[in-house]
Amino acid sequence: QVQLVESGGGLVQAGGSLRLSCAASGRTLSNYAMGWFRQAPGKERAFVAAISRSGDTTYYAGSAKGRFTITRDVAKNTMYLEMNSLKPEDTAVYYCAGRPRSTLRVTEGDYDYWGQGTQVTVSS
């Protein structure tokens, strides 16, 4: 099975940018459709973005569209979430997730493997 480890979180001012990484080990990332989710304090975990196993299809939550970009580097076995124009409401723990299927999904229950999360805090 694949192990996922997120990194790249931190404290940033509103309007700033961060790039999150999700490093995979144990299996090749290209065998999985992948996603990013986030959980803000007191809220349920929510979908942010996903990429298909082939890498040719991506999908974003409305809150992320136009500001966030999901990509992956197969050679580095790593997925990324580039986040621009950050807002205080983007503050959350961000998780990467994987599913051994070709198609992306927006529901957390459709993902089998999860990382431990990385904290993103956006100050106003």
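The values are calculated or read from the model by the stated rules, or taken from the named source; none is laboratory data. A quick note: this is a predicted structure, and the numbers were derived from the prediction, not measured. FYI the Cβ positions are ideal-geometry reconstructions off the backbone, even for glycines, and counts take in every protein chain you see. Calculation scope for accessible area: heavy atoms of the full protein, side chains included, ligands and nucleic acids excluded. Shrake-Rupley method; radii C 1.70, N 1.55, O 1.52, S 1.80 Å.
Take the residues of the stretch 49-80 that are aliphatic (A, V, I, L, M) and touching a Lys or Arg at 6+ places or on another chain (Cβ under 8 Å): which is surrounded by the most Cβ atoms within 10 Å (Cβ to Cβ)?
Residue satisfying both the conditions and the ranking: MET79.
Pick from GLY55, GLY66, GLY16, GLY62: which is in a loop (DSSP other than H, G, I, E, B) and within 21 Å of ARG101 (Cα to Cα)?
Being in a loop (DSSP other than H, G, I, E, B) and within 21 Å of ARG101 (Cα to Cα) holds for just one of GLY55, GLY66, GLY16, GLY62, which is GLY55.
Could we say that THR103 is open to solvent by 30 Å² or more (accessible area, probe 1.4 Å), more than 14 Å from VAL122 (Cα to Cα), part of a loop (DSSP other than H, G, I, E, B) and at pLDDT 95 or above here? Please lay out each step first, then the result.
Numbers: open to solvent by 30 Å² or more (accessible area, probe 1.4 Å): yes; more than 14 Å from VAL122 (Cα to Cα): yes; part of a loop (DSSP other than H, G, I, E, B): yes; at pLDDT 95 or above: yes.
The answer is yes for THR103.
Any chance you could count how many residues in the stretch 106-124 are in contact with a Phe, Trp or Tyr (Cβ under 7 Å, 6 or more places away or on another chain), open to solvent by less than 30 Å² (accessible area, probe 1.4 Å) and outside any loop (DSSP other than H, G, I, E, B)?
2
Evaluate the following for SER7: is it open to solvent by 50 Å² or more (accessible area, probe 1.4 Å), within 16 Å of VAL93 (Cβ to Cβ) and either among the basic types (Lys, Arg) or in contact (Cβ under 8 Å) with a residue 24 or more places away in the chain (or both)? Quick ask: steps written out before the conclusion?
Details: open to solvent by 50 Å² or more (accessible area, probe 1.4 Å): yes; within 16 Å of VAL93 (Cβ to Cβ): yes; either among the basic types (Lys, Arg) or in contact (Cβ under 8 Å) with a residue 24 or more places away in the chain (or both): yes.
Spelling it out, SER7 is indeed open to solvent by 50 Å² or more (accessible area, probe 1.4 Å), within 16 Å of VAL93 (Cβ to Cβ) and either among the basic types (Lys, Arg) or in contact (Cβ under 8 Å) with a residue 24 or more places away in the chain (or both).
I'd like to check something: does the stretch 92-99 contain any residue that is of a type outside the set (S, T, N, Q) and outside any strand (DSSP E or B)?
First, the residues of the stretch 92-99 that are of a type outside the set (S, T, N, Q): 92-99.
Among the residues that remain, those that are also outside any strand (DSSP E or B) are: none.
No, the conditions are met nowhere in the stretch 92-99.
Spot the failing condition for ASN84; the list is (1) surrounded by 14 or more Cβ atoms within 10 Å (Cβ to Cβ); (2) on the phi < 0 side of the Ramachandran plot, and only one is missed.
(1)
TYR94 versus (1) closer than 23 Å to SER124 by Cα; (2) out of contact with any Lys or Arg (no Cβ under 6 Å at 6 or more places or on another chain): which is the lone unmet condition?
Unmet for TYR94, out of (1) closer than 23 Å to SER124 by Cα; (2) out of contact with any Lys or Arg (no Cβ under 6 Å at 6 or more places or on another chain): (2).
Only one residue in ARG45, ARG38 is among the basic types (Lys, Arg), surrounded by fewer than 19 Cβ atoms within 10 Å (Cβ to Cβ) and in contact with a strand residue (DSSP E or B) (Cβ under 7 Å, 6 or more places away or on another chain), so which one is that?
Working: ARG38 fails: surrounded by fewer than 19 Cβ atoms within 10 Å (Cβ to Cβ).
ARG45 is the lone residue from the list that is among the basic types (Lys, Arg), surrounded by fewer than 19 Cβ atoms within 10 Å (Cβ to Cβ) and in contact with a strand residue (DSSP E or B) (Cβ under 7 Å, 6 or more places away or on another chain).
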